[in-house]
Amino acid sequence: MAYELTKKINDSSIIYNYKNLSDSEKNIGFKFLKKTNQLFFIGTEFELIKENHYSDKTLSEQGFDLYVLAEPIDDGNGPMFFNPEYGILNLDNGWGMDLIFLKNGQKTELAKELNITLKEKTFYNNVYN
């Protein structure tokens, strides 16, 4: 699925809108609060658990922080990698929608590597948090 990202930046927050280019019902939005490093998806809060946890210079000069649901729920969203410059790197909504947001022309090998890394993070989060 192809998405187009737009960002609205103000003093206190950044709004990320991911427009699905083939189905507008699959548009996705996130809000990041700069002062508290909180991330919100559909009103659900994610908290930062580890800064600069994933890095890949082909994606972003800035490392990605690891976020998890502030209040875990059954079938809730899985862990997400995020940095303010790039936005969301991945989304696992717990209902079978797994997305990895790569820039145009990036390889599927990177997506496979990210999926493996994210499964490890899900295991870590379930065991240690």
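The values are calculated or read from the model by the stated rules, or taken from the named source; none is laboratory data. What you see is a predicted model, and the numbers here were worked out from it, not measured in a lab. So basically every Cβ, Gly included, is an ideal-geometry build from the backbone, and we count neighbours across all protein chains shown. Ligands, DNA and RNA are stripped out before the accessible areas are found, and what is left, the full protein with its side chains, is counted by its heavy atoms. Shrake-Rupley method; radii C 1.70, N 1.55, O 1.52, S 1.80 Å.
Some observations on this one:
- Meets criteria (in a loop (DSSP other than H, G, I, E, B) and in contact with a Gly (Cβ under 7 Å, 6 or more places away or on another chain)) for D75: yes
- Identity of the residue in the stretch 8-31, open to solvent by 90 Å² or more (accessible area, probe 1.4 Å) and within 17 Å of Y86 (Cα to Cα), that ends up modelled with the lowest pLDDT: K19
- Residue satisfying condition, being among the aliphatic types (A, V, I, L, M) and either farther than 22 Å from I116 by Cα or out of contact with any strand residue (DSSP E or B) (no Cβ under 8 Å at 6 or more places or on another chain) (or both), within set I28, I88: I28
- Output for the stretch 51-71, where each listed residue is within 11 Å of F82 (Cα to Cα) and outside any loop (DSSP other than H, G, I, E, B): E51, N52, H53, Y54, F64, D65, L66, Y67, V68
- Of the set (1) crowded, with 16+ Cβ neighbours inside 10 Å; (2) modelled with pLDDT of 90 or more, all apply to L59 but (2).
- Pair list, Cβ under 7 Å, 6 or more apart: the stretch 46-73 residue in contact (Cβ under 8 Å) with a residue 60 or more places away in the chain, other residue open to solvent by 30 Å² or more (accessible area, probe 1.4 Å) and in a loop (DSSP other than H, G, I, E, B): V68/N129
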